[in-house]
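> Please find one structure pasted underneath; my questions will follow.
The values are calculated or read from the model by the stated rules, or taken from the named source; none is laboratory data. Computed from a predicted model, the values in this text were never measured in an experiment. Every residue, glycine among them, receives a Cβ derived from its backbone with ideal geometry; neighbour counts consider all protein chains shown. Please note that ligands, DNA and RNA were not included when accessible areas were found on the heavy atoms of the full protein model with its side chains. Shrake-Rupley method; radii C 1.70, N 1.55, O 1.52, S 1.80 Å.
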Amino acid sequence: MRRRTTALAASLILAGAIAAEAQTVVDGSDTGVGAEAARAALVLIEKQMRDPEARVADLRIGRAWALCGTVDVRNRMGAHTGPRPFVADLAENFLGRLPEGPELRSPASPAAFTAMERARALFAANCTEG
């Protein structure tokens with residue numbers, strides 16, 4: 001009986017550790033866009049940003065039906081950098097964070113520049129006030 005209790009406790013601790021390292025929608029805004037859209041966005045964020053502890057918030061459907069929101073990822077030192085806007089075209093499996101100064105001045109490649117410009121245009125068409 002003691003061995004079974006110890007094994008159960010170990011599995012619950014492991015399950016808790018795995019759940020703690022999952023990307024989450026921290027403000028409940030996933031209910032406004034639907035579970036399927038929120039899940040698709042989390043998959044794209046995980047694939048692109050590779051941060052198991054990304055914090056997603058402010059999810060909403062944009063004017064031209066793209067998904068808008070913010071994502072807070074960790075830097076190389078392990079600290080969260082603060083929320084940055086993103087836009088996702090779920091039909092095209094595209095997600096882009098709005099670029100900041102260093103990214104705008106020096107894109108990593110022509111493909112990165114193209115993706116950055118696509119994200120900026122999609123964000124402007126969907127997520128800005130206007």
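> What are the pairs with Cβ atoms under 8 angstrom where one residue, in the stretch 98-109, is under 17 Å from V71 (Cα atoms) and the other, located anywhere, is open to solvent by 70 Å² or more (accessible area, probe 1.4 Å)? Sequence gap at least six, or different chains.
Taking only residues 6 or more apart or on different chains, the pairs are L98/R120; P99/R120.
> Please name all residue pairs, on different chains or six or more residues apart, with Cβ atoms under 7 Å, provided the first residue is in the stretch 44-57 and is in contact (Cβ under 8 Å) with a residue 40 or more places away in the chain and more than 14 Å from A22 (Cβ to Cβ) and the second residue is of a type outside the set (D, E) and open to solvent by less than 20 Å² (accessible area, probe 1.4 Å).
Once the first residue is in contact (Cβ under 8 Å) with a residue 40 or more places away in the chain and more than 14 Å from A22 (Cβ to Cβ) and sits in the stretch 44-57, its partners that are of a type outside the set (D, E) and open to solvent by less than 20 Å² (accessible area, probe 1.4 Å) give L44/A88; L44/L95; Q48/L95.
> Would you pick out the residues in the stretch 55-100 that are part of a loop (DSSP other than H, G, I, E, B) and of a type in the set (S, T, Y)?
The one that is part of a loop (DSSP other than H, G, I, E, B) and of a type in the set (S, T, Y): T81.
> Could you tell me whether the stretch 72-83 includes any residue that is touching a residue at least 24 places away in the same chain (Cβ under 8 Å) and under 17 Å from A121 (Cβ atoms)?
Within the stretch 72-83 (the criterion being touching a residue at least 24 places away in the same chain (Cβ under 8 Å) and under 17 Å from A121 (Cβ atoms)), the answer is no, since none of the residues qualifies.
> Among the residues of the stretch 65-76, write down those that are among the small types (G, A, S) and within 10 Å of the chain's Cα centre (by Cα). Before the answer, list the steps.
Initial filter on the stretch 65-76 (among the small types (G, A, S)): 66, 69.
Within the stretch 65-76, G69 is the sole residue that qualifies.
> Step by step: first the residues of the stretch 77-97, then only those that are open to solvent by 40 Å² or more (accessible area, probe 1.4 Å) and within 12 Å of the chain's Cα centre (by Cα), then the one that is nearest to A54 (Cα to Cα). Which residue is that?
Per the stated criteria, the residue is P83.
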